[in-house]
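What follows is calculated from the coordinates using simple rules that are stated; it is not laboratory data. Just so we're clear, the structure is a prediction, and the values are computed from it rather than from any experiment. In this analysis, Cβ positions are derived from the backbone assuming ideal geometry, glycine residues included, and neighbour counts consider all displayed protein chains.
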Amino acid sequence: MSLTLRILTYRNEPPAEPVVRQFGPGGGMIGRAPGSDLELPDPGKYVSRTHAQIACRDQIYYLTDVGSNPTLINDRPLGTGHVARLNHGDLLTMGDYVLRVSIMATAAPAPSALDHPLAPPPVVTPQAQPATTLADPLAAASVLSGGLAAPSAADPLGLNLFGGAPTPDMGQVPLVSGMPPSGGSQPDHVPPQQQPFQPTVGGIPLDYDPLADHGVAKPTPKPVAPPPAPPQAVVPPVASAPPAAQPWKDAEPTLMPSPPPRVPPAAKPAAANVATPQTVPVAPAVPTPPSESAVFAALLRGLGMASFKQGTLDEVEIAELVGQMLREAMAGAMLVLRARAAIKRELRSDMTMIQARGNNPLKFLPDVDSALTQMLTNTLSGYLSPVAAISGAFDDLKDHELAVMAGVRAVISDMLNQLNPALIEATDSEAGMMDKMMPANRKARLWDRLTTQHAEMRRLLDDDFQKLFGDRFTAAYEEQLARLRQK
């Protein structure tokens with residue numbers, strides 16, 4: 001199993017060339033320091049030198065936040081020292097970088113069905129076999145020899161409807177010599193209701209009485225000596241097909257007297273139908289949504305304009321306009337807060353770090369969409385309420401502006417002190433008798449020293465502001481912030 005990180009955007013722009021880094025079970029480091037497994041160059045230093053660490057345990061990848069700058073997983077801050085499990089498709093935000101996580105599992109060979117003790121047996125497709133001659137005890141029976149056995153009293157027609165044992169004479173019919181045995185029928189495994197209709201064996205009996213079913217008495221015939229029964233041919237039953245059900249009218253009517261017609265009992269007087277009352281479940285009441293006027297009135301109360309007189313715009317247009325203004329205000333506040341953070345980072349001043357609670361979404365969430373979603377839904381824990389977040393953001397910006405003014409004032413004062421003519425004269429150790437006799441020489445030498453001092457200050461200002469004025473500015477900045485917070 002491997003994990004792949006792909007850079008989607010840097011400062012909201014996709015990279016010119018795809019940047020992809022694959023991590024194996026050994027994990028790796030992410031940061032802007034050279035030699036990192038995934039190096040993220042960042043001149044603004046929003047990415048720490050060692051920002052995060054990837055580790056793999058039990059085929060599961062984890063990310064540990066080890067940097068001083070925040071790491072966001074799916075727009076949710078992780079926190080320094082905290083560990084989170086990485087899933088396929090997660091989005092990581094590190095400074096101005098947005099990366100996507102891809103986890104690919106190594107394809108394992110498909111297990112054999114015989115490897116599992118509880119696996120069902122493999123299905124073997126039956127192959128058609130050539131037709132063979134099957135032994136059929138009735139296939140070679142003579143259709144001319146032998147006679148029919150006398151039917152039993154329970155089955156006068158010899159249909160074997162009740163599953164009785166076959167007549168013993170059938171198995172003793174001699175075979176016809178010289179006739180090859182024929183193959184038995186192959187079972188077709190067709191359900192009985194789908195088998196073809198089999199015609200009734202035999203015709204209508206000669207002594208059939210059509211009036212017997214209607215209860216008309218039939219005169220009892222005188223007993224007559226039965227003539228000798230001629231031999232009848234043996235008809236073998238059809239293999240694999242159940243005998244067709246015989247209609248009752250085919251039965252011999254003289255064997256059982258017709259029952260008398262049934263007289264239906266007298267109908268009882270119908271009782272009056274009394275409707276049984278049933279309890280109808282009552283649907284729960286659905287809360288009625290507030291009307292547009294109520295929503296608009298709530299919007300005006302939130303704006304502190306309950307006595308607002310509507311002009312040419314309708315309520316919907318005003319609500320949309322307020323939403324647009326709120327979005328622009330939040331976007332601008334987030335940009336200024338980022339500029340404030342960049343200045344403090346450049347001056348190596350104390351940075352605002354993410355905490356377990358009381359975090360401002362305008363400072364730590366990556367864009368205005370995430371900040372507005374958090375303030376309107378409060379889906380993430382550890383963040384300020386919307387009103388407190390906006391109020392705190394503008395308080396920080398106000399204090400920042402005042403502290404910057406104090407720092408600039410301190411830098412200008414220090415710069416003027418370094419260019420103070422009295423200090424330059426005090427450092428002149430070359431004064432002598434010639435300077436007293438020719439003061440112009442001394443002034444020219446002091447002027448040259450002033451220009452040299454100015455050029456050196458200019459060079460340091462361009463190359464290393466922190467070395468020249470950083471400490472003085474930072475001290476004045478922090479002092480002013482502490483004074484404002486005490487108020």
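Extension gain Arg348-Arg6, at 0.36 nm per residue separation less the Cα-Cα distance, in nm? The partial results should precede the final answer.
Working: separation 342, 0.36 × 342 = 123.12 nm, distance 3.11 nm.
Gain on extension, Arg348 to Arg6, equals 120.0 nm.
To the nearest 20 debye, what charge dipole does segment 2-104 have about its Cα centre, counting +1 at the Cβ of each Lys and Arg and -1 at the Cβ of each Asp and Glu?
Values: 10 positive and 10 negative charges, 23 e Å.
With only Lys, Arg, Asp and Glu charged at Cβ, the dipole is about 120 debye.
Less than 15 Å from a label point 7 Å out along the Cα-to-Cβ axis of Leu402: which backbone N atoms in segment 327-353 qualify, by residue?
Answer for this model: none.
Hey, which of these cross-link pairs are over 21 Å Cα-Cα: Lys363/Lys398; Lys45/Lys487; Lys344/Lys398; Lys45/Lys398?
Checking Cα-Cα distances, Lys45/Lys487; Lys45/Lys398 exceed 21 Å.
So how do Met438, Met29, Met457 line up by other beta-carbon neighbours within 10 Å, fewest first?
Met438, Met457, Met29
How far apart, in nm, are two points set 7 Å out from the Cα along the Cα-to-Cβ line at Ala356 and at Ala16?
4.7
Rounded, prolate or oblate, given the Cα gyration tensor of segment 319-400, with a/c below 1.5 counting as rounded?
The shape class here is oblate.
Using r as the Cβ-Cβ distance of Met434 and Leu461, and R0 as 30 Å, what FRET efficiency do you calculate, to the nearest 0.05? Walk me through the numbers before you get to the answer.
Values: r = 36 Å, r/R0 = 1.18.
Computed FRET efficiency for Met434 and Leu461 comes out at 0.25.
Evaluated at 20 °C with a viscosity of 1.002 mPa s, what Stokes-Einstein diffusion coefficient in µm²/s does segment 2-104 have when Rh comes from the Kirkwood expression over alpha-carbon pairs?
It diffuses with D of about 160 µm²/s by this estimate.
Between Arg57 and Leu416, what is the label-point separation in nm under the 7 Å Cα-to-beta-carbon projection?
Roughly 6.1 nm, to one decimal.
Fully extended, how many nm does the chain gain between Asp471 and Ala331 (0.36 nm per residue separation, minus their Cα-Cα distance)?
47.2 nm
With the crude spin-label approximation of a point 7 Å out along Cα→Cβ, what separation in nm comes out for Ala426 versus Ser102?
With each label point 7 Å from Cα toward Cβ, the separation is 6.8 nm.
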